[in-house]
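The structure appears right after this line, and notes come after that.
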Amino acid sequence: MEITDAPVISLNEIPSVKKDFIEVNAQIEHEHLVNPAVYNPPEMSHPDEYKTVIIDAIAMIEFEDEKPPFTLKGWLKYLNNNSHSITWIVDTGV
């Protein structure tokens, strides 16, 4: 499953440089639909239908014009400030 616009809670390990990208392994917060209503479309669902879960996720990030952060604090700030453009890959067992 792919998730975007998710707040990052913590990093599971220091991001590692792969060939042309940096792999980030983190814990993110996700609103997971647990009790879907039969007749309501998602935009009309009740808050009780969702549960906030913290899950492990991986993102592949390419840096073209800017340099990646050096510190853990810098990474957390970068990931949360750019959450709208980061796609996280998570295990479908959520």
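The values are calculated or read from the model by the stated rules, or taken from the named source; none is laboratory data. As the structure is a computational prediction, the values presented were derived from the model and not from experiment. When we count neighbours, we look across all protein chains shown, and the Cβ atoms used for this are built from the backbone with ideal geometry, even at glycine. The accessibility values were calculated without ligands, DNA or RNA, using every heavy atom of the protein model including side chains. Shrake-Rupley method; radii C 1.70, N 1.55, O 1.52, S 1.80 Å.
Taking the condition modelled with pLDDT of 85 or more, among the β-branched types (V, I, T), under 24 Å from D91 (Cβ atoms) and outside any strand (DSSP E or B), does I58 pass?
no
Output yes when any residue across the stretch 37-50 is at pLDDT below 85 and touching a Ser or Thr at 6+ places or on another chain (Cβ under 7 Å), and no when none is.
yes
Would you point out which residue out of I9, I14 is open to solvent by 60 Å² or more (accessible area, probe 1.4 Å), modelled with pLDDT of 85 or more, of a type in the set (A, V, I, L, M, F, W, C) and assigned to a strand (DSSP E or B)?
The unique qualifying residue is I9.
Within the set of pairs 6+ apart or on separate chains, which have a first residue in the stretch 6-17 that is touching a residue at least 40 places away in the same chain (Cβ under 8 Å), a second that is of a type in the set (V, I, T) and part of a strand (DSSP E or B), and C-beta atoms under 6 Å apart?
Final answer for the pair search is A6/I28; V8/I28; I9/I54; P15/I22; P15/V24.
Being surrounded by fewer than 11 Cβ atoms within 10 Å (Cβ to Cβ) and of a type in the set (K, R) is the filter; apply it to the stretch 49-94 and report the residue that is farthest from I22 (Cα to Cα).
This residue is K73.
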